[in-house]
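Student: Provided herewith is a single structure, encoded as structure tokens, for subsequent inquiry.
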Amino acid sequence: MSALPGSERTPGVRTRRGALEDIEFMAGAAIALLDAVVRRQEKWAGVWRQRLALSAAAMVAKRSGRAEDGVALRDAVTLTRPGDDVGPAGRLLLAWRKLAARPAESLLSDQAVVAAAERFGFSSDDVIGEIAAAARDLSANDGPAVAASARMLDTVAGLLPEAERSLGAWLADVVLARKLNWPVAVPLLGVQLFVTRSAAEREKSGRQQRSGPALGEEWRKQQCLAGLARAAIQAIDLSAELSRRAEMLLTVAPTLRAKGSDAVVERFLAEDAVVASDIIPGISDRGLRRLFDRLFDLGAVRELSGRSTFRIYGL
């Protein structure tokens, strides 16, 4: 038994290469561990999902041939004034942030799927409505959650192949959340789908697709399940890291005397990044900057941009 390539060493989550049954078991085990994290509903769950959303957006941007990394994507959204266009790259991040912040059930309507498709760069047409209907059906049908997620990905690949790694991954995460009764989806497949595809794997995929749809569907299911397992392990690791950082913030919070500091602490626990231009009730821009400096000095938050101006803070 060997660890899945790209995963951390998480006890009890291992698989042999090849057999679909092994991969499906491994994915189910990893998702079960993640389910326990989700159901604890920790105070830092908001920033956890937002960080995963940023990672998913950065990977989708890379797959699309875009130059923006996570830092640039965060800047595109965080430093843009409300109402201004965040650009194509920023819209990728907004799509994943919506998944990470809205009730999963609300993301399966035709309107929500069309909006997500447009943010990923696909125009709304009849096929998007067909994809949305398939997502609702898969969410409502009996069967394992991980298998439904894989089937969602395969459906998008069949109806709109160019959207497989963006909208397909997005909807597969929504379907998984609905099947598991998670109130809010966790960005998973956007980060880890097909990340280990070597030249040999791509050639194998091509041979399978030429041999017939059934083989291609099985290969895609293997990739989806393996991606879910890797992503679940990565999300669990991130949850442990953010738990430690949140504990530090909550430890120093009672010592803060600035007016509005409680609201600032809540913002750090809910969102990936906070800037001095954010509107937080009870505290001015100047007061916010002073509070950021104090929290930074205390080691309770980090500066995320690496700049001396237009600084961005977060856990």
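Student: Might you work out the accessible area of V174 for me, using a 1.4 Å probe with all protein chains in place, and round it to the nearest 10 Å²?
Tutor: 0 Å²
Student: Helix 261-270 versus the longest principal axis of the chain: what is the Cα-based angle in degrees, 0 to 90, to the nearest 10?
Tutor: 10 degrees
Student: Classify region 81-153 as rounded, prolate or oblate from the Cα gyration tensor: take a ≥ b ≥ c as the square roots of its eigenvalues, call it rounded if a/c is under 1.5, otherwise prolate when a/b beats b/c and oblate if not. It would help to have the intermediate numbers written out before the result.
Tutor: Values: a/c = 2.42, a/b = 1.79, b/c = 1.35.
Prolate.
Student: Keeping every protein chain in place, order L34, L298 by accessible area at 1.4 Å, biggest value first, i.e. largest first. Each step should come with its number before you reach the end.
Tutor: Details: L34 0, L298 70 Å².
The ordering from most to least exposed comes out as L298, L34.
Student: Of the candidates S239, S55, S277, which one comes out as most mobile in a Gaussian network treatment of the chain with C-alpha springs shorter than 10 Å?
Tutor: S277
Student: For region 33-144, what is the charge dipole size about the Cα centre, in debye to the nearest 20, if Lys and Arg each add +1 at the Cβ and Asp and Glu each add -1 at the Cβ? Show your work: numbers first, answer last.
Tutor: Details: 16 positive and 15 negative charges, 137 e Å.
For region 33-144, the charge dipole is close to 660 debye.
Student: Along the charge dipole of the chain, pointing to its positive end and built from +1/-1 on Cβ of Lys, Arg, Asp and Glu, which listed residue (G121, L269, V37) has its Cα farthest out?
Tutor: Of the candidates, L269 comes out farthest on the positive side.
Student: Name the shape class, rounded, prolate or oblate, that the alpha-carbon gyration tensor gives for region 96-201, where a ≥ b ≥ c are the square roots of its eigenvalues, rounded holds for a/c under 1.5, and otherwise prolate holds if a/b is larger than b/c and oblate otherwise. Display every interim value, and only then the final one.
Tutor: On the way: a/c = 1.38, a/b = 1.13, b/c = 1.22.
It comes out rounded by the Cα gyration axes.
Student: Give the ranking of D84, D75 by solvent-accessible surface, highest area first, calculated with a 1.4 Å probe. Don't jump to the answer; show the numbers that get you there.
Tutor: Values: D84 75, D75 35 Å².
Result of the area sort, largest leading: D84, D75.
Student: Leaving ligands and nucleic acids out of the surface, order D278, D125 by accessible area at 1.4 Å, largest first.
Tutor: Largest accessible area first, the residues go D125, D278.
Student: Using Cα atoms only, what is the angle between the long axis of helix 126-140 and the major principal axis of the chain, expressed in degrees (0 to 90) to the nearest 10?
Tutor: It works out to around 90 degrees.
Student: Here is a further query. Which one of R97, R151, R290 has the biggest mean-square fluctuation once the chain is modelled by GNM with Cα springs under 10 Å?
Tutor: R290
Student: Next up: Report, by chain and number, residues whose modeled amide H sits under 5 Å from the one on V184, excluding near sequence neighbours (fewer than 5 apart, same chain).
Tutor: A104
Student: Place a point 7 Å from the Cα of D85 along the Cα-to-Cβ direction; which residues of region 111-127 have their backbone N under 16 Å from it?
Tutor: 118-123
Student: Follow-up question, since we're still on this one. Kindly write out, for region 230-247 in residue order, the coupling ³J(HN,Hα) from the Karplus curve 6.51 cos²θ - 1.76 cosθ + 1.60 (θ = phi - 60°), rounded to whole Hz, with x marking Gly and Pro.
Tutor: 4, 5, 5, 5, 4, 5, 5, 4, 5, 4, 5, 5, 5, 4, 5, 5, 5, 4
Student: I need the phi-derived Karplus couplings for region 275-290: 6.51 cos²θ - 1.76 cosθ + 1.60, θ = phi - 60°, integer Hz, Gly and Pro marked x.
Tutor: Listing the rounded values in order: 10, 5, 7, 4, 8, 10, x, x, 9, 7, 4, 5, x, 5, 4, 5 Hz.
Student: Okay, next question. Just tell me which aspartates and glutamates come within less than 13 Å, Cα to Cα, of K221; anything on the same chain fewer than 8 places away is out.
Tutor: Counting by Cα, and skipping residues close in sequence, K221 has these aspartates and glutamates nearby: E21, D22, E24, D154, E164.
Student: Using only the Cα atoms of the chain, each taken as one equal point scatterer with no solvent, compute I(q) by the Debye sum, divide by I(0), and report log10 of the ratio at q = 0.10 Å⁻¹.
Tutor: -0.58
Student: Could I ask something else about it? Please give every one of the lysines within straight-line cross-link reach of K98, meaning a C-alpha to C-alpha distance under 24 Å, and leave out same-chain neighbours fewer than 8 residues apart.
Tutor: K43, K62, K179
Student: Related question: So the label point goes 7 Å from the Cα of A101 along Cα→C-beta, right? Which residues of region 284-315 then have their backbone N under 16 Å from it?
Tutor: 313-315
Student: So, one more: Rounded to whole Hz and in sequence order, give me ³J(HN,Hα) for region 184-192 from the Karplus expression 6.51 cos²θ - 1.76 cosθ + 1.60, θ = phi - 60°, writing x for Gly and Pro.
Tutor: After applying 6.51 cos²θ - 1.76 cosθ + 1.60, I find 10, 6, 10, x, 10, 5, x, 7, 10 Hz.
Student: Round to the nearest 10 and give me the degree value, 0 to 90, for the angle of helix 87-101's Cα axis relative to the longest principal axis of the chain.
Tutor: Once rounded, one gets 90 degrees.
Student: Roughly how big is the chain's charge dipole about its Cα centre, with Cβ charges of +1 (Lys, Arg) and -1 (Asp, Glu), in debye to the nearest 20? Could you put the intermediate results ahead of the total?
Tutor: Working: 44 positive and 39 negative charges, 181 e Å.
I would put it at about 860 debye.
Student: With only Lys, Arg, Asp and Glu charged, each at its Cβ (+1 for the first two, -1 for the last two), find how big the charge dipole of region 92-181 is about the Cα centre; round to the nearest 20 debye.
Tutor: The calculated dipole for region 92-181 is roughly 440 debye.
The values are calculated or read from the model by the stated rules, or taken from the named source; none is laboratory data. Because the structure is a prediction, the values reported are computed rather than measured. Cβ sites come from the backbone with ideal geometry, for glycine too, and all protein chains shown count toward neighbours. What goes into the accessible areas is simple: the full protein's heavy atoms, side chains included, and nothing from ligands, DNA or RNA. Shrake-Rupley method; radii C 1.70, N 1.55, O 1.52, S 1.80 Å.
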